[in-house]
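Note sheet for the following structure.
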Amino acid sequence: MSGHIISIIGGKGGVGKSQIAANLALAWAGETRQKVLLLDFDQKACGDQNLITGLRSKKTLKDLADFTGAIDPKTLSLFTAEHKGGISYIGMPTEATVASQINEDALGKTLKAVTNIHPLTIIDAGSELTPLALKGLEFSTLIILVVTPDVLSVNQAKRMNGDLITMLFPKDMIQVVVNQFVNGHPVSPDIIGKQLGKTVFAVVPRDDQNCTAALTRSTPVVSVAKNAPFAAGIIDLSRKIIQKNVLSTLAKLMKPQDAGKKPSTTGDAALDDKKSKDQWTDLKARIHRSLVEEMDLKKQDDNDPRAKIILREQTKKMVVDLLGKEDTKAVLKSREDMNRIVKEILDEALALGPLEDMLADKTITEIMVVGPRKIYYEQSGKVKRSEVIFTNDQQVRNVIERIVAPIGRRIDEKTPYVDARLPDGSRVHAIIPPCAIDGCCITIRKFPDKRLDYKDLVKYGSMTEEMADFLRISVEAHRNIVVSGGTGSGKTTLINVLGAFIQSNERIITCEDSAELNFPQDHVVRLETRPPSLEGDGEIDIRCLVKQTLRMRPNRIVVGECRGGETLDMLQAMNTGHDGSMTTVHSNTPRDSMSRLETLVQYSGAPLTPRAIREMIASAVHMVVQQTRLDDGSRKVVNITEVAGIQGDVITLQDIFTFKQEGIGRDGKVIGKFMPSGFIPKFVEVLERKGYKVPRGLFVNK
C-alpha cells in the first residue's frame with residue numbers, strides 16, 4: 001500500500017487552515033472508513049491542534065524525528081493519540097524553542113515510511129515556508145492553499161503561491177480553498193481565482209457560531225455538528241477530492257512509472273534516449289531565447305553579491321513562467337527534471353553553465369571544454385568525460401565572455417585566445433573559432449580553496465620532510481631558484497609553497513600573465529600583464545613588468561613563468577643584487593631547464609654568444625627544483641639540483657635529492673622513494689660561516 005499526503009497551508013495566520021486540517025482528517029476518515037494520520041507541522045502556532053482536536057499525543061513530532069528505529073504500525077502507535085472518529089494524531093511540542101530544534105531531514109525519512117502505514121496523512125503545515133514545512137510539502141501529493149475573502153489574505157496567498165511555483169512545485173499540485181466565505185461578499189471566488197491565476201477548488205462557508213462552540217469544547221466541528229455549514233463544506237471538499245481521483249492523478253504527475261528505470265542504450269531505447277536529450281536541449285534553447293527577449297541579463301553588478309542573488313531569483317521566476325507556457329510533458333517527467341532544467345538554464349544565463357557543479361566539486365582539479373558537446377574533467381589524476389553539455393556553441397562563448405570581462409580581458413576574431421582567471425584564482429585559457437575548429441575551447445586549472453603549505457606536500461608524498469627543510473633553508477638563504485616541470489606538474493603550487501618560506505620583513509614583487517601566486521606575507525606587490533587594446537596598442541608584457549620591478553625596491557622578484565625575452569631581464573636581476581628570486585620554466589629535467597633558459601634568453605634579441613648566456617645562467621641560478629607528474633597522476637619533486645658553475649661550455653649540475661621509481665603497484669600507484677645523493681651543496685659552508693646551522697643529516701640516506 002502506498003498512501004498519500006495532503007498538506008494544508010495558509011498565506012498568513014488567521015485563515016483557519018488548522019481547523020480545516022483537523023476537520024478534513026475526520027471527514028475523510030468518515031467518508032472512506034480508513035484511518036487517517038494528522039501531523040502538526042506548524043512551529044509558529046505550537047499546540048493549536050491540541051486545542052482544536054482535544055487530543056494530546058503520547059509523544060511529540062520532535063520525538064518522532066529523533067526516533068532511530070524502524071517505523072511500523074506498532075512503533076508508530078507509541079507516538080499517536082487516537083480519536084474515536086478514526087484519526088491518529090501526533091502534535092507539535094508546545095514550547096517554541098523545542099519546536100525549532102526538530103530535525104526536518106530525519107522527519108523526511110519518517111514521512112516516507114508512514115505512507116506505507118496510512119492511506120492518507122494530513123499535515124498542518126502552518127503559514128510560513130520553514131524548512132520543516134518544506135520537507136512536508138516535498139513528500140505531499142496535494143497542497144491545499146487556504147485563503148479568506150479579504151484583500152490581505154488574497155495578497156499573501158498570491159505571494160505563497162508564487163514562492164511555491166518558484167520552488168518548482170507543479171501548479172496543479174497547489175489547489176486553492178476559500179474559507180469563511182459569505183454569499184454576496186465583494187471578494188468572490190472568481191475574483192480570488194483571477195488574482196491567484198488559478199481556479200478556486202472549493203469554498204467553505206463562514207460559520208462563526210459552530211466553529212467557536214467546537215473550539216471551546218476542544219472538539220472538531222465535523223465530529224459534533226455534521227450538518228453545520230462549516231462541516232458540510234469540509235465534507236464536500238473531501239468528497240470532491242475522492243470522487244475526482246485528485247490524489248491518484250497528481251501522484252502520476254509527480255511520479256512517472258518509468259522514472260526509476262535506467263535508460264537502455266541499445267536498439268530503439270538508445271534512439272529514444274538520444275531523442276529525449278535532443279528535446280531537452282531544444283527546450284533549453286527556446287527558454288533561453290525567450291529569457292533574453294524578456295530580461296536584460298547583462299545589467300548586473302558583478303561586485304554586489306546581493307544584486308546577484310536578487311537577479312537570480314527574478315530570473316528563476318521568469319524561467320518557471322516561461323516553462324509553464326511550454327508543452328513540457330514529453331521532456332519534464334518529474335519535479336527532479338524541472339529542478340534540473342531550471343538550474344541548467346540559470347547557470348547558463350547567469351553563471352558558467354554546466355561548469356558550475358564541476359567548479360564546486362573539490363575532487364575535480366581541471367576542466368576541459370571542447371565545443372558545446374564535449375566536457376572533460378580530471379578527477380583523482382584520471383581524465384573523464386562529463387554527461388552534462390552546453391546547449392550550443394554560443395553558450396560556451398557567453399561563458400568565456402563572462403569570465404574575461406570582469407578582469408578587463410577580451411576575446412574576438414582578431415585575438416581569438418585569452419588567458420584569464422576566476423575570482424578564486426583558478427587559471428583559465430580559452431580559444432575560439434576560427435582557431436578552434438570544433439567550437440570554443442576552455443581549459444580551467446582549478447585553484448585550491450586552502451593554500452597548500454609544505455606539510456601538505458609532505459603528506460601527499462610530493463616530497464620528504466628533509467627535502468622541505470632544505471628548501472626552506474635555501475629560500476631563507478636567498479638562493480635563486482628555478483622551478484622546472486611539464487604542464488600540470490604542479491609548478492605554481494610549488495612556487496607558492498617556496499614563497500611562503502620568505503621572511504615577512506622582505507618586499508616581494510610578483511609578475512604574472514594571469515595572477516595565480518598567493519603568498520601569505522603582507523608586503524607583496526602583485527603585477528599582471530595587459531593585452532593590447534582594440535586599436536592594437538597599450539600592451540604590457542612580462543618583460544615590461546620585470547623592468548618595472550627593478551625600480552620598485554624589491555627584495556625578491558618572483559616571475560610566474562619565463563617563456564620569452566623576460567628571461568634575460570630575470571637573470572640580470574638575479575645577478576645584480578636581487579638574490580632569492582624565483583621563477584618557473586617548462587622543461588622535463590634540470591639539464592633541459594638549462595637549455596630552455598638559454599633558448600628563452602635568445603628571444604630577447606640581445607646580441608649575446610651562447611657561451612655568455614651559459615655563464616650568465618650559471619652565475620644567476622643557484623638551484624633547480626624539478627616537479628613531475630607521474631603516470632598515476634601524482635605530482636612529486638623528482639630532483640633538487642644545485643647549479644655548481646660552468647666547465648668549458650657545459651653548465652655543471654649536481655643532484656642533492658632525487659626520486660627513484662621502483663615500479664607500479666596493483667592499484668596503479670607509482671612505487672618509489674626519495675633519496676639524498678650524499679652531496680653537500682657548496683652554499684651550505686657559506687651559510688655556516690654566516691651563523692646558519694644546517695643539519696648535515698639532511699643529506700644522508702637513512
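Data overview
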read-out	value
Contacts under 8 angstrom Cβ, first residue in region 348-363 being free of Cβ contacts under 8 Å to residues at least 24 places away in the same chain, partner surrounded by fewer than 22 Cβ atoms within 10 Å (Cβ to Cβ), 6 or more apart	Glu356/Asp347; Asp361/Gln379; Thr363/Gln379; Thr363/Ser380
Residue that is farthest from Leu24 (Cα to Cα) [pool: residues in region 38-61 that are among the aliphatic types (A, V, I, L, M) and not in a helix (DSSP H, G or I)]	Ala45
Test: Ile123 is touching a helix residue (DSSP H, G or I) at 6+ places or on another chain (Cβ under 6 Å), closer than 20 Å to Thr32 by Cβ and modelled with pLDDT of 90 or more	yes
Residue match in region 83-96 (condition: part of a strand (DSSP E or B) and either out of contact with any strand residue (DSSP E or B) (no Cβ under 6 Å at 6 or more places or on another chain) or at pLDDT below 90 (or both))	yes
Qualifying positions in region 403-422 - in contact with a helix residue (DSSP H, G or I) (Cβ under 8 Å, 6 or more places away or on another chain) and within 18 Å of Thr492 (Cβ to Cβ)	Ala420, Arg421, Leu422
Pair list, Cβ < 9 Å and 6+ apart or interchain, from region 545-558 residues that are within 18 Å of Val482 (Cβ to Cβ) and outside the structural domain of Cys511 (by TED's automatic domain parsing) to residues that are polar (S, T, N, Q) and modelled with pLDDT of 90 or more	none
Candidates Glu528, Glu516, Glu465, Glu476, filtered to the one that is free of Cβ contacts under 8 Å to residues at least 12 places away in the same chain and either surrounded by fewer than 20 Cβ atoms within 10 Å (Cβ to Cβ) or within 19 Å of His586 (Cα to Cα) (or both)	Glu465
In region 641-689, the residues that are in contact (Cβ under 8 Å) with a residue 12 or more places away in the chain and more than 30 Å from Arg596 (Cα to Cα)	Ile664, Gly668, Lys669
Residue selected from region 665-702 under the condition touching a Lys or Arg at 6+ places or on another chain (Cβ under 9 Å) and of a type in the set (Phe, Trp, Tyr), by the criterion modelled with the lowest pLDDT	Phe683
Candidate set from region 14-40 (those that are surrounded by 24 or more Cβ atoms within 10 Å (Cβ to Cβ) and touching a Pro at 6+ places or on another chain (Cβ under 7 Å)); member that is farthest from Leu51 (Cα to Cα)	Leu26
Residue count, region 617-671 (criterion: of a type in the set (Val, Ile, Thr), touching a helix residue (DSSP H, G or I) at 6+ places or on another chain (Cβ under 9 Å) and under 18 Å from Gly381 (Cβ atoms))	1
In region 435-450, the residues that are closer than 23 Å to Gln394 by Cα and in a loop (DSSP other than H, G, I, E, B)	Cys435, Ala436, Ile437, Asp438, Gly439, Cys440
Residue selected from region 451-471 under the condition assigned to a helix (DSSP H, G or I) and basic (Lys, Arg), by the criterion nearest to Met675 (Cα to Cα)	Lys459
Answer from Val399, Val388, Val320 - the residue that is crowded, with 17+ Cβ neighbours inside 10 Å, touching a strand residue (DSSP E or B) at 6+ places or on another chain (Cβ under 8 Å) and either among the β-branched types (Val, Ile, Thr) or assigned by TED's automatic domain parsing to the domain that holds Asp667 (or both)	Val399
Members of region 563-595 that are without any contact (Cβ under 8 Å) to a residue 60 or more places away in the chain and either surrounded by fewer than 21 Cβ atoms within 10 Å (Cβ to Cβ) or not aliphatic (A, V, I, L, M) (or both)	Arg563, Gly564, Gly565, Glu566, Thr567, Asp569, Gln572, Asn575, Thr576, Gly577, His578, Ser595
Selected residue (only one of Gly490, Gly538, Gly439 is crowded, with 21+ Cβ neighbours inside 10 Å and on the phi > 0 side of the Ramachandran plot)	Gly490
Looking only at region 625-652, and only at residues there that are touching an Asp or Glu at 6+ places or on another chain (Cβ under 8 Å) and of a type in the set (Val, Ile, Thr), the one that is farthest from Leu452 (Cα to Cα)	Ile646
Search result, residues across region 239-256 that are assigned to a loop (DSSP other than H, G, I, E, B) and surrounded by 13 or more Cβ atoms within 10 Å (Cβ to Cβ)	Lys255, Pro256
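The values are calculated or read from the model by the stated rules, or taken from the named source; none is laboratory data. Computed from a predicted structure; not experimentally measured. Don't worry about glycine lacking a Cβ; one is built from the backbone with ideal geometry, like all the others, and counts go over all protein chains shown.
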